[in-house]
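Working notes, structure below.
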Amino acid sequence: MTERKAAEEALRRRDERFRALVQNLAEAIVVISPDGEILYNTPTAAAMFGDSEPDGSGRAVAPLFEKLHPDDRDTTATVLASAWTASGTVGPVEARVRHADGHWVWVEALAQNLLDDPAVGGIVVTMRDVTERLDAERLNARQAEILELVARGVPLDETLESIALALEASDTGLRCAIFLLDEDGSTLRARAAPSLDAAFLDQVEVAQAVRGGCLYGVSIQDRASTRVADVENEVACSGCSAVALANGVRACWSTPLASSISEEALGALMVYAHAPGLPSQAQERLMAVLADVAAIAVERKRFEERLSHQSLHDPLTGLPNRTLFHDRLVHALERCQRTRSEVGVLFLDLDRFKQVNDGLGHDAGDELLVVTAQRLLSAVRPGDTVARFGGDEFTVLCEDLPAASAGQSAAEISERLLAAISEPHSLLGTEVFLGASVGIAIAIDTETSPDDLVRDADVAMYHAKQRGKGRWEIFDEAMRERVLTRHATDSALHRAIERGELRLFYQPIVAVADQSCVGAEALVRWQHPERGLVLPGEFIGLAEETGLIHDLGRWVLREAATQAARWHLGAPEDFAVSVNISAHQLARGDLDEVVGEALEVSGAAPQRICLEITESVLMDDTDAIVEVIRRVRDLGVRFSIDDFGTGYSSLGYLKHFPVDAVKIDRSFVSALTSDSGDATIVSAVVGLAHALDLKVVAEGVETPEQLAELVAIECDHAQGFYFSPPQPVADLRRIFSRNRWRVSDAPGRGRRRR
Ligand code: C2E
Ligand code: MG
Ligand code: MG
């Protein structure tokens with residue numbers, strides 16, 4: 001008995017151990033009959049599917065296939081069928097099994113045929129719940145797909161729609177909407193809501209705008225998720241619960257889209273459920289991931305928009321830049337063909353901006369530009385485009401100008417712009433006055449290209465500047481002609497230097513006292529193959545603008561120095577050749593090298609050269625200019641100030657500049673004998689110049705009376721048609737000869753010639 005009892009006890013212990021093991025297995029085990037009936041299930045299996053445990057009677061719990069997802073039945077059947085015949089385990093197979101409460105459980109199953117084992121008598125299926133793993137895998141795949149959309153630069157609305165659809169596909173009875181906040185964070189708008197009525201979304205938007213406390217409003221402000229399990233009974237939903245219920249929404253879950261860069265919220269991912277309840281863990285994860293991806297998509301879009309804004313706008317003023325202006329102009333020109341209206345371009349350049357910028361500093365200059373931009377914007381009509389073209393240049397695109405009076409309308413707009421700009425600015429405690437010059441160009445026919453229009457307006461602006469600034473000019477054919485001529489002249493002038501078409505004429509400069517020659521001014525001429533002799537007034541300005549003045553000036557210096565060297569022997573001791581130097585040559589800062597080279601090549605003595613510069617040169621960048629002048633003077637070359645009295649500089653200015661002579665402008669000399677005021681000025685200049693140890697040259701002397709006046713006020717030197725016009729060297733031989741360096745002996749003296 002004792003032995004039997006002990007054996008029974010051992011058996012009982014073993015049974016208990018087995019039962020305990022089976023009941024606590026992580027894997028679920030079911031035994032199924034050849035017909036697919038579940039004969040036995042472990043407690044884990046019962047819990048996994050929400051089934052009751054079998055009562056041990058051997059009666060089937062349920063047919064397995066009914067619990068399988070329809071899409072998974074075939075594959076599962078195939079695997080089980082192979083289990084009938086195979087020995088050992090078959091599988092694994094993945095399939096969805098419905099839980100008693102209706103949701104699907106993904107399982108991974110292995111099957112083993114134990115039909116012949118009398119203790120089992122069925123197929124043993126061992127299953128693991130892999131829902132979480134598969135969910136995570138699917139979630140990763142969705143996330144990757146959507147991120148790829150973002151990376152490919154698919155339009156934002158499309159990406160958001162895919163996100164909403166991905167969420168809706170995760171479960172039945174869910175509808176999703178993605179709302180985005182405006183950039184200023186004030187308004188929330190639905191951007192993607194593939195399965196929701198527009199009317200519903202409108203109402204939700206209104207609820208948000210009016211109350212601001214609507215569900216997603218709350219969650220956005222707190223940047224926290226909000227879950228309303230029962231819309232009907234939730235106080236926070238009182239504002240829109242009626243709307244929600246009417247649309248079949250019973251639960252409402254909101255997740256904010258949070259910026260990964262800043263603290264701000266970008267919008268919200270809203271999920272509306274048909275049935276009351278909270279999201280499952282899987283749904284929570286899905287919403288979190290999709291909200292993140294949506295935020296990434298939104299930020300990328302905003303970043304792109306910012307980049308494209310930057311590439312099309314001026315960073316300082318925020319105005320459209322040249323590129324955007326061009327774009328808008330292209331479209332405006334296309335549109336105006338349909339609307340039979342006209343398009344005008346205004347080109348505006350600030351007057352005196354450089355002085356203010358240099359004088360008050362660049363920060364002040366920037367501020368001026370910003371204020372100017374705002375004033376321009378407020379002076380144009382709504383719909384007109386104001387752009388910053390560069391530096392202190394602005395352009396305005398005026399559309400829909402009336403066809404009959406486009407020019408007049410554009411002129412009126414220009415008047416308004418000019419008035420707006422000329423209002424004083426208070427800057428750094430002072431009042432600053434700016435002006436502007438405006439050029440107007442109207443598209444005259446459908447052929448007009450955007451570039452032409454801007455160029456024409458620019459040309460007209462240039463004319464406005466030349467006509468005294470602070471005004472507007474409309475581009476016309478005459479301007480076009482002038483532009484074309486200038487263009488032709490420019491290229492011809494290039495060739496002229498290469499082909500040796502330039503000539504130097506010389507005009508004697510004489511001592512007022514005895515009319516002996518003290519020098520000659522070299523004046524350039526262009527022997528044009530068709531136009532004949534062209535005077536410098538027609539090409540020096542152009543050469544200055546195009547930069548050709550440097551080559552031209554270099555040639556003039558060499559040529560004049562060479563001539564000075566030739567005259568050297570017979571000439572009086574002080575005799576010097578005067579050469580005109582352009583402001584541009586001085587500004588470049590290398591004049592000492594150019595002059596040094598001319599002296600070297602020609603072999604001329606430096607004291608035989610005098611350089612003439614105009615007063616306006618001295619107004620610009622004084623220190624740098626004075627420095628250049630000093631370097632050139634160190635070579636032994638003299639300087640005089642040309643056209644004195646026509647610029648802005650005062651007599652007081654003279655002492656700051658290292659020069660040797662002043663040339664009083666012709667306009668004063670011609671008025672010497674008629675206007676007593678001018679005589680006084682000239683006499684004062686002579687007095688002051690002498691006090692500063694400078695010689696005075698009177699330009700443009702044409703009559704003996706003028707000469708007499710100059711003698712009376714003790715002017716040193718004179719130059720003018722009365723003595724001799726500018727002439728080629730050959731024609732001057734009679735004056736500049738070994739014996740006679742006196743103009744009074746020259747034949748033809750006093751003849752007026754140019
Ligand atoms: P500027 O240096 O003041 O030269 C004097 C101008 O007055 C010359 O004109 C001369 O022909 C003219 N003139 C001389 N005497 C009389 C007179 O009695 N009555 C009148 N009405 N005019 C007189 P031009 O040769 O046409 O030169 C004009 C300007 O062109 C020059 O004015 C000078 O500023 C510039 N220029 C001439 N040659 C050169 C050059 O080689 N380089 C540069 N940068 N400028 C030059
Ligand atoms: Mg001169
Ligand atoms: Mg002059």
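The values are calculated or read from the model by the stated rules, or taken from the named source; none is laboratory data. Remember, predicted model here, so these are calculated numbers, not experimental data. Note: ideal-geometry Cβ built from the backbone for every residue, glycine included; neighbour counts use all protein chains shown. To get the accessible areas, we keep the full protein, side chains included, count just its heavy atoms, and leave off ligands, DNA and RNA. Shrake-Rupley method; radii C 1.70, N 1.55, O 1.52, S 1.80 Å.
Some points to look at:
- Residue under evaluation VAL518, criteria (1) outside any loop (DSSP other than H, G, I, E, B); (2) within 35 Å of the chain's Cα centre (by Cα); (3) among the hydrophobic types (A, V, I, L, M, F, W, C), criterion not met: (2)
- The lone exception for VAL370 - which of (1) surrounded by fewer than 19 Cβ atoms within 10 Å (Cβ to Cβ); (2) in contact with a helix residue (DSSP H, G or I) (Cβ under 9 Å, 6 or more places away or on another chain); (3) among the hydrophobic types (A, V, I, L, M, F, W, C) it fails: (2)
- Considering (1) within 16 Å of ligand 1 (Cβ to nearest atom); (2) assigned to a helix (DSSP H, G or I); (3) crowded, with 18+ Cβ neighbours inside 10 Å; (4) at pLDDT 90 or above, the lone condition that ILE625 does not fulfil carries the number (4).
- Meets criteria (assigned to a helix (DSSP H, G or I), modelled with pLDDT of 80 or more and out of contact with any Gly (no Cβ under 6 Å at 6 or more places or on another chain)) for GLU232: yes
- Test: residue in segment 675-692 that is within 15 Å of ligand 1 (Cβ to nearest atom), under 56 Å from the mean Cα position of the chain (by Cα), of a type in the set (A, V, I, L, M) and open to solvent by less than 30 Å² (accessible area, probe 1.4 Å): no
- Pairs linking a residue in segment 361-382 that is among the polar types (S, T, N, Q) to a residue that is part of a helix (DSSP H, G or I) and surrounded by 17 or more Cβ atoms within 10 Å (Cβ to Cβ), with Cβ atoms under 8 Å and 6 or more positions apart or on different chains, are THR372/ILE421; SER378/ALA420.
- Strands (runs of 3 or more DSSP E) fully within segment 405-477 that include at least 3 residues being under 17 Å from THR385 (Cα atoms): 435-442.
- Comparison of GLU559, GLU544, GLU597 shows that the only residue that is modelled with pLDDT of 85 or more and more than 16 Å from ligand 1 (Cβ to nearest atom) is GLU597.
- Segment 553-599 - residue that is aliphatic (A, V, I, L, M) and not in a helix (DSSP H, G or I) and, of those, surrounded by the fewest Cβ atoms within 10 Å (Cβ to Cβ): LEU569
Let's see how each residue does on (1) open to solvent by 20 Å² or more (accessible area, probe 1.4 Å); (2) at positive phi:
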position	(1), (2)
VAL105	no, no
ALA111	no, no
LEU115	yes, no
ALA119	yes, no
ILE123	no, no
VAL130	no, no
LEU149	yes, no
GLY153	yes, yes
ASP157	yes, no
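- Selected residue (criterion: farthest from ligand 3 (Cβ to nearest atom)) from residues of segment 600-612 that are open to solvent by 20 Å² or more (accessible area, probe 1.4 Å) and either assigned to a loop (DSSP other than H, G, I, E, B) or among the hydroxyl-bearing types (Ser, Thr, Tyr) (or both): GLY603
- Tallying residues that are at pLDDT 85 or above, within 15 Å of ligand 2 (Cβ to nearest atom) and either of a type in the set (D, E, K, R) or open to solvent by 30 Å² or more (accessible area, probe 1.4 Å) (or both) within segment 633-656 yields 3.
- Within segment 387-439, if we keep just the residues that are open to solvent by less than 60 Å² (accessible area, probe 1.4 Å) and among the hydroxyl-bearing types (Ser, Thr, Tyr), the residue that is nearest to ASP351 (Cα to Cα) turns out to be SER437.
For every residue, the table says whether it meets (1) under 23 Å from HIS717 (Cβ atoms); (2) away from ligand 2 (no atom under 16 Å from the Cβ); (3) of a type in the set (S, T, N, Q); (4) in contact with a helix residue (DSSP H, G or I) (Cβ under 6 Å, 6 or more places away or on another chain).
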| site | (1), (2), (3), (4) |
| --- | --- |
| ALA496 | no, yes, no, no |
| ALA511 | yes, yes, no, no |
| GLN515 | yes, yes, yes, yes |
| VAL518 | yes, no, no, no |
| HIS550 | no, yes, no, no |
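- Of the helices (runs of 4 or more DSSP H) that lie entirely inside segment 670-737, those containing 1 or more residues that are away from ligand 3 (no atom under 16 Å from the Cβ), free of Cβ contacts under 8 Å to residues at least 12 places away in the same chain and within 24 Å of ARG566 (Cβ to Cβ) span 729-732.
- Hey, ARG531 out of contact with any Phe, Trp or Tyr (no Cβ under 8 Å at 6 or more places or on another chain) and either within 16 Å of ligand 2 (Cβ to nearest atom) or open to solvent by 20 Å² or more (accessible area, probe 1.4 Å) (or both) or not: yes
- Count of segment 696-714 residues which are surrounded by 14 or more Cβ atoms within 10 Å (Cβ to Cβ) and away from ligand 1 (no atom under 16 Å from the Cβ): 1
- From GLY439, GLY470, GLY435, residue being more than 16 Å from ligand 1 (Cβ to nearest atom) and under 30 Å from ARG340 (Cβ atoms): GLY439
- Scan of segment 241-273 for residues that are out of contact with any Asp or Glu (no Cβ under 8 Å at 6 or more places or on another chain), part of a loop (DSSP other than H, G, I, E, B) and under 21 Å from ALA291 (Cβ atoms), ordered by number: VAL249, SER262, GLU263, GLU264
- Test result for SER616, buried (at least 20 other Cβ atoms within 10 Å of the Cβ) and of a type in the set (S, T, N, Q): no
- For segment 163-193, the set of residues classified as open to solvent by less than 70 Å² (accessible area, probe 1.4 Å), over 19 Å from VAL289 (Cα atoms) and not in a strand (DSSP E or B) consists of GLY173, ASP182, GLY185, THR187, listed by residue number.
- Filter result for VAL659 (of a type outside the set (Phe, Trp, Tyr), in a helix (DSSP H, G or I) and either open to solvent by 50 Å² or more (accessible area, probe 1.4 Å) or in the same structural domain as ALA511 (by TED's automatic domain parsing) (or both)): no
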